1. Given the structure, is LEU688 touching a Ser or Thr at 6+ places or on another chain (Cβ under 7 Å) and at pLDDT below 95?
2. Does segment 590-609 contain at least one residue that is at pLDDT 90 or above, under 30 Å from THR728 (Cα atoms), aliphatic (A, V, I, L, M) and surrounded by 20 or more Cβ atoms within 10 Å (Cβ to Cβ)?
3. Kindly indicate whether PHE297 is in contact with a helix residue (DSSP H, G or I) (Cβ under 6 Å, 6 or more places away or on another chain) and within 29 Å of PHE366 (Cα to Cα).
4. Identify all residues within segment 366-384 that are assigned to a strand (DSSP E or B) and among the hydroxyl-bearing types (Ser, Thr, Tyr); write none if there are none.
5. Looking at (1) touching an Asp or Glu at 6+ places or on another chain (Cβ under 8 Å); (2) among the hydrophobic types (A, V, I, L, M, F, W, C); (3) farther than 30 Å from ASN704 by Cβ; (4) crowded, with 18+ Cβ neighbours inside 10 Å, find the lone condition where ALA310 falls short.
6. Taking the stated definitions as given, is LEU266 modelled with pLDDT of 90 or more, buried (at least 24 other Cβ atoms within 10 Å of the Cβ) and of a type in the set (A, V, I, L, M)?
7. Taking into account only those residues within segment 648-689 that are touching a residue at least 24 places away in the same chain (Cβ under 8 Å) and of a type in the set (Asp, Glu), which is farthest from GLN703 (Cα to Cα)?
8. If only one of GLN643, GLN703, GLN739 is modelled with pLDDT under 95 and on the phi > 0 side of the Ramachandran plot, which one is it?
Amino acid sequence: MRKQLLLLLASLLTFTVAAQQTTISGTVKDAQTREPLGFCNISVLNSTLGAMADEKGKFKLSVPHNLASGQLVVSFLGYQNDTLPLQSGKTNFQVNLKPTAGKLQEVVVTGTMKEMSRLESPVPVEVYAPAFFRKNPTPSLFEAVGQINGVQPQLNCNVCNTGDIHINGMEGAYTLILIDGMPIVSSLSSVYGLSGIPNSLVERIEVVKGPAASLYGSEAMGGIINVITKSPLKAPKVSAEVFGTSWGEVSSDVGLKFKAGSAHALIGVNYFHYQNPEDRNHDGFTDMTLQSRVSVFNKYDFVRPENRQASVAARYVYEDRWGGQMNWGKEHRGSDQVYGESIYTKRWELIGLYQLPVRERIISQFSLNRHQQNSFYGTTPFHADQLVGFGQLYWDKQLNARHSLLLGSSFRYTWYDDNTPATATADAAQPQNQPVTTPLPGLFVQDEWTLTEKHKLLLGYRYDYDKRHGHIQSPRVAYKWTPGPQHAIRASFGTGYRVVSLFTEDHAALTGAREVVITERLEPEQSINTNLNYLWQAPLEPFLLTVDVTGFYSRFSNKIIGDFDTDPQKIIYANLQGHAVSKGISANTEFSFYIPLKIAAGVTYMQVYQKRAAGEGPLAKVVQLHAPEWSGTYSASYTFPAQLTVDLNGTWTGPMRLPILPYDYRFEYSPWFTIMNVQLTKKMSNGLEVFGGVKNLLNFVPQNPIMRPFDPFDRTVDDPITNPHGYTFDPSYNYASLQGIRGFLGVRYNLLK
């Protein structure tokens, strides 16, 4: 009887307490983007009551009746706290937090190989999330990075559409492309390195403009693009994106998360299909290379004690592309009947990370990749096979409050074989090709020294040994001064050193009718590099303003550049007799209004040139090909209350010097032009998005890009009547895509749980 009475009293007490409590709920979003802010803090002022929002920004909290007239505080790192009155009868809140530091609070790793906020990094790092690239969806990251100010995807051939990525005017060979910090895209794969990475699996892209050789090797002379893939722990359960264009392009991207024993796994498939030959400029050649590409990516994150890291990922890519005369078929591959450039690419990659089970933070990383290419450029075959293995072990140690040490070693081994003079033996009696092997061991050390609260100094040094060129030393120094919470000034200096792999990095050497001439043994390229960066972010009343300005300067004591000028029949490669310079200034501004409006613009001014010997006189200044003095980007986004977003974005480019022939009727410099895109996106409540728009809204297309397209094999080139100036077939005159205006339509879906 006593127990029953106690139970009754307890029940009545519980009912009374429950009756005196109010359950409130709500959703927390970014005031600018209207994106949910997951895992933010919710608390009742002057009490111990609190909760945390879920990954969708939703929260629920029970508040006693005596606190129902209090105040609710919502907080999140990088945002202004919001205080809301708990009014009687109101149980649902929609909270929009205003950012105070914007992207400066984002975690970056590329600058120093350590996780830290972008604001704290002594090396300037630009961060781009998938939302940035969704404003103008593209089938590959090669095209997507063109939306970044100072980064220029340059098509080097009008027929096969091969290209590279220029940072601040420096050619693609000087841009180190990483995937999850691993340098697996290089040499033979540099032309296709960013094709086929499933966009749905990209968490962010980090860009470092400037020298980074002391950490990532002597080839990081111009900058780094680091593609960080999503962790299976944080990725959506299902993600998909499919879109097509009025030209007949179809791009599909699917990702799936699942659990495999103690590991969380993520698999993604990317497929791009374009098989609709177009010749809208009526030159007899395809305006865009036909492609069929499939890529499969699989990543595993393992759960380990004490949150130690362990992951492994693999990717496979196959691509079949061709461009050429409209009547070209597979039966013409390699023949002199119908001109075409056909490229088969097979590539697989394996990358991994493992933190050793010891007290100290010691990380081991490895990668292994093989890239095979079977191609014909007209009648010129290029068959190449490359295998690269890379291993790295480093110790990350916080010595004291002032010094953070990074000490490591790496080993890179490259096996390469092709059918070009790059691997030819010296035996003229029995000419043959011999695979080239290149072991490259290295040591590196970095000390991040906090001088005071506002001053930070980074000192780095790397030593590599190359069997052909001996000892390679790459020092680095970086300095950061933070005069206030809204300002940061960074300066850095370093050296660069790179061994040229000519035919693998410059496919222009194989296209068209020009003869490749190597006049001497090519020596390594060497440079000194410096830049100065100023970052200002001000949370003003109507908007959050961000200004990012960088000045850069690189001087090469040797640089291997194809000479298209001396002889119209040849591309001549030789060591630079003189020096080369790349210098300029780049500025980005962003206005993030506290209404769902964002406006951004960027501009880059640069001068890229060589000063080389011209007989006995002074050094002659030669402007670098495909390096415009002026370029920039612009974008504007607005979201209406019905979750309908309008995006306007584009790039603009000033005149750039182009490879022309003597007495060429084509202009030596390209005109000013802009590629403008517009998109509408409708978000549904079930994770579905529908988007569509127009690309190249102003329908800009280069004129007369191919010289003598009617005679690609130069059969009538010596006719003095029809060809008095001796023009030859040449597809290298290129400065923009030949795709004109086109519409696109697609759907995107994300299932978080």
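1. no
2. Yes, the conditions are met somewhere in segment 590-609.
3. yes
4. Across segment 366-384, the qualifying residues are SER367, SER375, TYR377, THR380.
5. In the conditions (1) touching an Asp or Glu at 6+ places or on another chain (Cβ under 8 Å); (2) among the hydrophobic types (A, V, I, L, M, F, W, C); (3) farther than 30 Å from ASN704 by Cβ; (4) crowded, with 18+ Cβ neighbours inside 10 Å, ALA310 misses (4) alone.
6. Yes: the conditions hold for LEU266.
7. Looking at the filtered set, the residue picked out is GLU689.
8. Answer to the selection: GLN643.
The values are calculated or read from the model by the stated rules, or taken from the named source; none is laboratory data. Quick caveat: nothing in here was measured; it's all calculated off a predicted structure. Every residue, glycine among them, receives a Cβ derived from its backbone with ideal geometry; neighbour counts consider all protein chains shown.
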